[in-house]
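J.: Next up is a structure, given as structure tokens.
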Amino acid sequence: NRFGIAESLERLGVKSKNLGSSTGESWLDSGKDFFSSVSPVDGSIIAQVQETSAETYESVISTAQMAFEKWRLVPAPKRGEIVREIGNALREVKADLGKLVSFEMGKSYQEGLGEVQEMIDICDFAVGLSRQLYGLTMPSERPGHRMYEQWHPLGIVGIISAFNFPVAVWSWNVALAWVCGDVTVWKPSEKAPLSGIACQHIVSHIFKKHGMPEGISSLIVGDYKVGELLSHDPRVPLVSATGSTRMGKLVGKAVGERLGRALLELGGNNAIIITENADLDMAIRGALFGAVGTAGQRCTSTRRLIIHEKVYDEVKNRLASAYSKLVIGDPLDERNHVGPLIDRAAVEMYLKAIEKVKEEGGKAVVEGGVLSGAGYESGCYVKPAIYEAENHFEIVQHETFAPILYLIKYKTFAEAIALHNGVPQGLSSAIMTTNMREAETFLSVAGSDCGIANVNIGTSGAEIGGAFGGEKETGGGRESGSDAWKAYMRRQTNTINYSTELPLAQGIKFDI
Ligand code: NAD
């Protein structure tokens, strides 16, 4: 029990064996098998969770449908008050939940805490939003008429989330969905189900305390088959899915076939352009955290550096020197910079990518490899690696969810932009430059084609206040701040005639 993880689990209500299906305070026995959540930190089994069955899924959905009938009638600012209390509850458990996230997923404790902070921040955002679900009023072309739009909740929002942000992504969705008047059914990643169970415990008693029905926040667990129950279900008007592009294409197809709405947050292949006018100290710092933070397992991790030929060697050498100082080990130990990959299958993918980049002609700047020996018993610890590569390499065109960074050289700025945009994904992007023309061109219509474009910051680590998401194979969805809430509601246009005439629109005459 290093770092007091056992006490944290107990305070979060996570037991050694947990039912995985819940409509709130009620936990349902599906009769199915239990599966283990294994920590990549030391390879130990943290606890077991029971998978959701098709029958249990049915009771979850019918409870959620009934809950929606009531929840939608609660005034939005009152729903906001409940979300405010959820944010406060998260403040109280920040250390425990951050630790569980770190232990179950393998990110550093600091990043685990950061994830919980993001949950708190989005709750605060949603509280304000609960009084700002604005619709427009527009002038009618007909006399004695008033026209306006209003936003109504959709119903059940299904949330499918990835392992790498086991709790924050859920909170981005639910905080908005709940103030919008929706109810939610969450399927967390099968690789981090305990984080889901802990969150469900945190929110359930708050809904109960306010006399709210079961079914506003529900949890189901299992692998892709349980996710498919949501994507195929016409009772779930919106499915918000975060994960690989492969998953997004399947979920998008299933939801599209029934003409539901899919909000897709998929893989990235994020690059930083380092121009000859960059502040290289900042560029190195930004690239380093972007590439090795969370062991390269962020959707916004930096995968490619597109470097001007004049500064290429300096960037390469300084990065190699920084990499040689990285300390790899237990992410709960704050002296370490890099933790493990999520599991051994991820290690295999990392090794295959290294093999492939070399096969295609890539050259090692910092060689990768799997670590073994004391402290690395889980077999999930790998060395962050750097390869010189070309953008068109097949492996460079793919997102490998591991700390592998590709260096690509450019001569002209136009070439840099073309290389930057020359991948199928379009999530996060950055330019390091002190030149105003370069910065503004990068942000212009002829610049980055990504959903996120930064100047003099790296690609990873977005704030909740902006809309988060990306283009092309990243799926086009937007979550979190700005007006992302509109995806969780249906818009209704209303025209009211307060005159004594009944004029038709477009001046049409229809007299008998
Ligand atoms: P994954 O695609 O393997 O799984 C994600 C979730 O989808 C899991 O809950 C899984 O059970 C479910 N799932 C898989 N196939 C499904 C199907 N056919 N139908 C329904 N559900 C299905 O992804 P992962 O390995 O957990 O996460 C890593 C990926 O997530 C990376 O590609 C990363 O870039 C991406 N990601 C994107 C964002 C973003 O906001 N754009 C954020 C985090 C992670």
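J.: Kirkwood-based Rg over Rh for the stretch 367-420 (C-alpha set), two decimals? Write down the numbers at each step before the final one.
T.: Values: Rg = 15.2 Å, Rh = 13.3 Å.
Rounded to two decimals, Rg/Rh equals 1.15.
J.: Now a separate question. Over the chain, what is the mean sequence separation of C-alpha contacts under 8 Å (at least six apart), divided by residue count, expressed as relative contact order in percent? Display every interim value, and only then the final one.
T.: On the way: 1168 pairs, mean separation 89.9, N = 512.
It comes to 18 percent, rounded to a whole number.
J.: Could you work out how far the C-alpha centroid of the stretch 46-67 sits from that of the stretch 182-201, in angstrom?
T.: 11 Å
J.: Which number do you get for Rg(Cα) / (2.2 N^0.38 Å) in the chain? List each step's numbers first, then the result.
T.: Numbers: Rg = 24.4 Å, N = 512, 2.2 N^0.38 = 23.5 Å.
That works out to 1.04 for the chain.
J.: State the volume of the convex hull built on the alpha-carbon positions of the stretch 128-204, expressed per residue in Å³ and rounded to an integer. Before the final figure, lay out each step's value.
T.: Values: hull volume 9.0 nm³, N = 77.
Enclosed volume per residue, from the Cα hull, is 117 Å³.
J.: Here is a follow-up. Taking the chain as the reference, fit the longest principal axis to its C-alpha atoms, fit the long axis of helix 76-92 to the helix C-alpha atoms, and give the angle between the two in degrees, 0 to 90, nearest 10.
T.: Roughly 30 degrees between the two axes.
J.: Where Rh denotes the Kirkwood radius from the mean inverse Cα pair distance, what is Rg over Rh for the stretch 225-318?
T.: Over the Cα atoms of the stretch 225-318, Rg/Rh equals 1.23.
J.: So, one more: Looking at the stretch 281-383 from every direction and averaging, what is the projected area of its Cα convex hull in nm²?
T.: Working: hull surface 28.9 nm².
Computed as one quarter of the Cα hull surface, the answer is 7.2 nm².
J.: As a test, work out the antiparallel percent of DSSP beta bridges whose residues both lie in the stretch 419-496, rounded to the nearest 5. Let's see the in-between values first.
T.: Numbers: 4 of 8 bridges.
Of those bridges, close to 50 percent are antiparallel.
J.: Which order results if Trp71, Trp178, Trp170 are arranged by neighbouring Cβ count within 10 Å, fewest first? Could you put the intermediate results ahead of the total?
T.: Details: Trp71 21, Trp178 29, Trp170 26.
Ranking Trp71, Trp178, Trp170 by Cβ neighbours within 10 Å, fewest first, gives Trp71, Trp170, Trp178.
J.: Sort 264-272, 423-431, 383-391, 126-134 for me by packing, meaning the mean count of neighbouring Cβ atoms within 10 Å per residue, highest on top. Kindly include the intermediate steps, with their values, before the conclusion.
T.: On the way: 264-272: 28.2, 423-431: 25.9, 383-391: 20.6, 126-134: 17.8.
With the highest mean Cβ count within 10 Å placed first, the list reads 264-272, 423-431, 383-391, 126-134.
J.: Return P(r) of the stretch 191-258 (all Cα-Cα pairs; 10 Å bins starting at 0; whole %; ordered from short to long distances).
T.: Reading upward from the zero bin: 17, 41, 32, 10, 0.
J.: How many percent of DSSP beta bridges within the stretch 328-470 run antiparallel, rounded to 5?
T.: Numbers: 4 of 13 bridges.
That works out to approximately 30 percent antiparallel.
J.: Another question about this same structure. With the Cα gyration tensor of the stretch 99-231 in hand, convert its eigenvalues to equivalent ellipsoid semi-axes via √(5λ) and list them largest first in whole Å. Numbers along the way, then the final one.
T.: Details: eigenvalues 227, 57, 43 Å².
Over the Cα atoms of the stretch 99-231, the semi-axes work out to 34, 17, 15 Å.
J.: On a straight-distance basis, which lysines could pair with Lys107 in a cross-link, Cα separation under 23 angstrom, same-chain partners fewer than 8 positions away excluded?
T.: Within the straight-line cut-off, Lys107 pairs with Lys15, Lys94, Lys99, Lys187, Lys191, Lys325, Lys352, Lys383.
J.: Something else now. Which of rounded, prolate or oblate describes the stretch 3-143 when judged by the alpha-carbon gyration tensor and an a/c cut-off of 1.5? List each step's numbers first, then the result.
T.: Numbers: a/c = 2.77, a/b = 1.54, b/c = 1.80.
Judged from the Cα gyration tensor, the stretch 3-143 comes out oblate (a/c at least 1.5, b/c at or above a/b).
J.: For the stretch 385-511, what mean projected area does the convex hull of the alpha carbons give, in nm²?
T.: On the way: hull surface 55.8 nm².
If you wrap the Cα atoms of the stretch 385-511 in a convex hull and average its projections, you get 14.0 nm².
J.: While we're looking at this one, here's another question. Compute the angle between helix 309-324 and the longest alpha-carbon principal axis of the chain, please, reported from 0 to 90 degrees and rounded to the nearest 10.
T.: For helix 309-324, the angle is close to 90 degrees.
Each value in this text was obtained by applying a stated rule to the coordinates, not by laboratory testing. Predicted model, so just to flag it, every value in this text is computed and none were measured. Note that each Cβ is placed from the backbone with ideal geometry, even for glycine, and that neighbours are counted across all protein chains shown.
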